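Scroll down for the structure; my scribbles are underneath it.
The values are calculated or read from the model by the stated rules, or taken from the named source; none is laboratory data. On a predicted model such as this, the values are computed, not experimentally measured, just so you know. For neighbour counting, all protein chains shown are included, and Cβ atoms are generated from backbone atoms with ideal geometry for every residue, glycine included.
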């Protein structure tokens, strides 16, 4: 009955089921894009924008830790620990690259591949054409 009044209020006289309307909350946008954002950790408080971006689920965070590492290693460990716990709670991935970079990803990223990847070598007949 309330739904009937709502339909009239909205100017809709279409035939709807008066029992309920089903909404699929689990469906994701197929056109969603993953962003890569860079961050610089200068103080412990700089983790807040990183955590907020990761919680949205559409950001890969590339974090430069060099400044905080040179200032205060204890604060750096605390910051990385907090980021790691958040990433794990979101079922994402985190990895260090080199001495000064950390990458944190949302759960949509399946894995972070570390190490150098070799470029495919051209076949001998491809070299002869040049």
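Would you pick out the residues in segment 99-130 that are loosely packed, with under 11 Cβ neighbours inside 10 Å, closer than 25 Å to residue 41 by Cβ and modelled with pLDDT under 85? Once the filter is applied, which keeps residues that are loosely packed, with under 11 Cβ neighbours inside 10 Å, closer than 25 Å to residue 41 by Cβ and modelled with pLDDT under 85, segment 99-130 yields 111, 113, 114, 115. Scanning segment 73-99 for residues that are within 14 Å of residue 60 (Cβ to Cβ) and in a strand (DSSP E or B) yields 93, 94, 95, 97.
Taken residue by residue, segment 56-67 has at least one member that is over 25 Å from residue 107 (Cβ atoms) and in a helix (DSSP H, G or I).
Examine segment 44-51 for a residue that is in contact (Cβ under 8 Å) with a residue 12 or more places away in the chain, surrounded by 15 or more Cβ atoms within 10 Å (Cβ to Cβ) and within 14 Å of the chain's Cα centre (by Cα), and state whether such a residue exists. Yes. Note on segment 60-77: among residues that are more than 13 Å from the chain's Cα centre (by Cα) and over 12 Å from residue 46 (Cα atoms), the one that is surrounded by the fewest Cβ atoms within 10 Å (Cβ to Cβ) is 74. Filter segment 78-88 down to residues that are closer than 14 Å to residue 44 by Cβ and surrounded by 19 or more Cβ atoms within 10 Å (Cβ to Cβ) and give me whichever is farthest from the chain's Cα centre (by Cα). Here the answer is 79. Of everything in segment 12-53 that is touching a strand residue (DSSP E or B) at 6+ places or on another chain (Cβ under 8 Å) and part of a loop (DSSP other than H, G, I, E, B), the residue that is modelled with the lowest pLDDT is 34.
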